[in-house]
Amino acid sequence: MKRVFSGVQPSGVLTIGNYLGAIRNFTKLQHEADCFFCVVDLHALTVPQDPAKLRENTLNTARLFIASGVDPSVATIFVQSHVPEHAYLSWLIECNTYFGELRRMTQFKDKSARHEVVTTGLFTYPALMAADILLYQTDEVPVGEDQRQHLELTRDVAIRMNNRFGQLFKVPEAYIPPKQAGGRIMSLQNPLEKMSKSSADPRSFIALLDPPDVIRKKIRSAVTDSGREIRYDPEEKPAISNLLVIYSLATGESIESLEERYAGAGYGKFKADLAEAVVAMLEPIQRRFAELSEPGVIEEILASGAERAEKIARETVARVQAAMGLAPRPQRVKAQS
Ligand code: ATP
Ligand code: LTN
């Protein structure tokens, strides 16, 4: 059976970008592969986090996986920091990753430009991501388009370490939807930037837990393009094209059919209907989320997820330690005096 791994940062409340770009594919793949879905809290620490908020977002991210349709009885759901092998393998990978490779990462360039303090963690982030994936001998990684470059680096480093030390890792493939199918949902306030849950402007994203009235308001105030034609044209009409993609994914109606149906209707009517489509898409997720908030429910799932994950992670780490020449820890033979 194929193995699938993916991670989501608890850096806020998940958005429809995360859902349409990645989590929907989690729910699809769980029936055909052995899936590991990880709340990557160590990654979230690469930029400043409020400790209490981070704790809350971590549990809520796991709850939202399940509320979105990930079934904890078939997929393994766990928290990255509960399996210390992630941080450990990350170091071994950093020692096989080149400074120049990390410096080229566009996510690093974007995020370091946006934050006043730039930590080394933000810089070495892709090595930790490679560790996440390679620990589980992963075949496929469902992510959004923004992660393509990190996946390429993961593959390069896996191949390099396999060549240097013998077969250590499966070389993983990216599993990314085309842009029209949710691979890159754009900000509602700037259609040239991707929608991001940690954006300072909450009007730029729709969070999976936004109440219906907030969703309506955010869609009403979404920027549009000049003219009033509703047409899919990412070059000329990036804002409307993004809204068309969201509408199409929320309802299953094709973009062509939406263009036809809204010909001459104007932006107002289109946005009002889109808002109702998004509210309807999120309604079952929000209902299930409330049920999962009963005390103890998510904790039990995460405890068993970590147990299952750590077994595999430890096997990989032991193999890498031995291959790289780290001396095994001796067992005491003399009795302690
Ligand atoms: P942050 O704002 O903290 O950087 P993020 O919202 O970009 O976070 P991540 O936790 O880094 O989200 O990503 C989780 C998954 O969602 C990844 O697979 C990522 O590629 C995908 N994803 C994130 N944003 C989008 C988007 N706008 N469109 C499609 N997929 C997305
Ligand atoms: N870097 C990803 C989150 C992430 C991830 C992973 C995704 C961390 N580790 C492993 C897939 C596999 C992001 O910023 N979206």
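The values are calculated or read from the model by the stated rules, or taken from the named source; none is laboratory data. If you're wondering where the values come from, they're calculated on a predicted model, not measured in any experiment. For neighbour counting, all protein chains shown are included, and Cβ atoms are generated from backbone atoms with ideal geometry for every residue, glycine included. Quick note on the areas: whole protein, heavy atoms, side chains included, nothing else; ligands and nucleic acids left out. Shrake-Rupley method; radii C 1.70, N 1.55, O 1.52, S 1.80 Å.
Conditions tested, residue by residue: (1) of a type in the set (Phe, Trp, Tyr); (2) under 26 Å from the mean Cα position of the chain (by Cα); (3) surrounded by 17 or more Cβ atoms within 10 Å (Cβ to Cβ).
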{"position": "Ala222", "(1), (2), (3)": "no, yes, yes"}
{"position": "Glu236", "(1), (2), (3)": "no, no, no"}
{"position": "Ile240", "(1), (2), (3)": "no, yes, yes"}
{"position": "Ile246", "(1), (2), (3)": "no, yes, yes"}
{"position": "Leu249", "(1), (2), (3)": "no, yes, yes"}
{"position": "Gly252", "(1), (2), (3)": "no, yes, no"}
{"position": "Ser257", "(1), (2), (3)": "no, no, no"}
{"position": "Arg261", "(1), (2), (3)": "no, no, no"}
{"position": "Ala272", "(1), (2), (3)": "no, no, no"}
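Would you confirm, using the coordinates I've provided, whether Gly17 is modelled with pLDDT of 95 or more, of a type in the set (Gly, Ala, Ser), within 11 Å of ligand 1 (Cβ to nearest atom) and open to solvent by 10 Å² or more (accessible area, probe 1.4 Å)? For Gly17, the condition - modelled with pLDDT of 95 or more, of a type in the set (Gly, Ala, Ser), within 11 Å of ligand 1 (Cβ to nearest atom) and open to solvent by 10 Å² or more (accessible area, probe 1.4 Å) - is met. In the range 68-127, the qualifying residues are those that are aromatic (Phe, Trp, Tyr) and within 14 Å of ligand 2 (Cβ to nearest atom), and the one that is farthest from Thr154 (Cα to Cα) is Phe78.
Every residue, every condition in (1) within 27 Å of Leu243 (Cβ to Cβ); (2) out of contact with any His (no Cβ under 8 Å at 6 or more places or on another chain); (3) acidic (Asp, Glu), yes or no:
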residue: Lys2; (1), (2), (3): no, yes, no
residue: Gln9; (1), (2), (3): yes, no, no
residue: Tyr19; (1), (2), (3): yes, yes, no
residue: Phe26; (1), (2), (3): yes, yes, no
residue: Leu29; (1), (2), (3): no, yes, no
residue: Glu32; (1), (2), (3): no, yes, yes
residue: Leu45; (1), (2), (3): no, yes, no
residue: Lys53; (1), (2), (3): no, yes, no
residue: Arg63; (1), (2), (3): no, yes, no
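Summed over the range 75-124, residues that are part of a helix (DSSP H, G or I), touching a Phe, Trp or Tyr at 6+ places or on another chain (Cβ under 7 Å) and not aliphatic (A, V, I, L, M) total 2. Evaluate the range 171-180: report whether one residue or more is polar (S, T, N, Q) and more than 11 Å from ligand 1 (Cβ to nearest atom). Yes, the range 171-180 has at least one match. Considered as a group, the residues in the range 181-192 that are more than 9 Å from ligand 1 (Cβ to nearest atom) and not small (Gly, Ala, Ser) include one that is most open to solvent (accessible area, probe 1.4 Å), and that residue is Leu192. Scanning the range 95-109 for residues that are away from ligand 1 (no atom under 12 Å from the Cβ) and open to solvent by less than 60 Å² (accessible area, probe 1.4 Å), which turns out nearest to Val317 (Cα to Cα)? Among them, the one singled out is Asn96. Among the residues of the range 29-51, write down those that are within 11 Å of ligand 1 (Cβ to nearest atom) and more than 15 Å from Lys197 (Cβ to Cβ). Hits for the range 29-51 are Phe37, Cys38. Counting the residues of the range 200-237 that are without any contact (Cβ under 8 Å) to a residue 60 or more places away in the chain and assigned to a loop (DSSP other than H, G, I, E, B) gives 18. Please work out which residue is nearest to ligand 2 (Cβ to nearest atom), limiting yourself to the range 160-174 and to residues that are open to solvent by 40 Å² or more (accessible area, probe 1.4 Å) and of a type in the set (A, V, I, L, M, F, W, C). So the residue we want is Ala174. Of these, Ser81, Ser90, Ser73, which one is over 27 Å from Val245 (Cα atoms), free of Cβ contacts under 8 Å to residues at least 24 places away in the same chain and polar (S, T, N, Q)? Every option except Ser73 fails the conditions.
Matching residues to (1) open to solvent by 70 Å² or more (accessible area, probe 1.4 Å); (2) more than 9 Å from ligand 1 (Cβ to nearest atom); (3) over 20 Å from Gln30 (Cα atoms); (4) touching a strand residue (DSSP E or B) at 6+ places or on another chain (Cβ under 9 Å):
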{"position": "Lys111", "(1), (2), (3), (4)": "no, no, yes, no"}
{"position": "Glu140", "(1), (2), (3), (4)": "no, yes, no, yes"}
{"position": "Val143", "(1), (2), (3), (4)": "no, no, no, yes"}
{"position": "Ala158", "(1), (2), (3), (4)": "no, yes, yes, no"}
{"position": "Lys194", "(1), (2), (3), (4)": "yes, no, yes, yes"}
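Restricting attention to the range 138-146, does a residue exist that is in a helix (DSSP H, G or I) and either more than 9 Å from ligand 2 (Cβ to nearest atom) or under 26 Å from Ser199 (Cβ atoms) (or both)? Looking for residues that are in a helix (DSSP H, G or I) and either more than 9 Å from ligand 2 (Cβ to nearest atom) or under 26 Å from Ser199 (Cβ atoms) (or both), one finds at least one in the range 138-146, hence yes. List, please: which pairs have Cβ atoms under 8 Å, are six or more places apart or on different chains, and start with a residue in the range 321-337 that is more than 14 Å from Leu92 (Cβ to Cβ) and end with one that is hydrophobic (A, V, I, L, M, F, W, C) and surrounded by 10 or more Cβ atoms within 10 Å (Cβ to Cβ)? Every condition considered, the pairs that remain are Pro328/Ala322.
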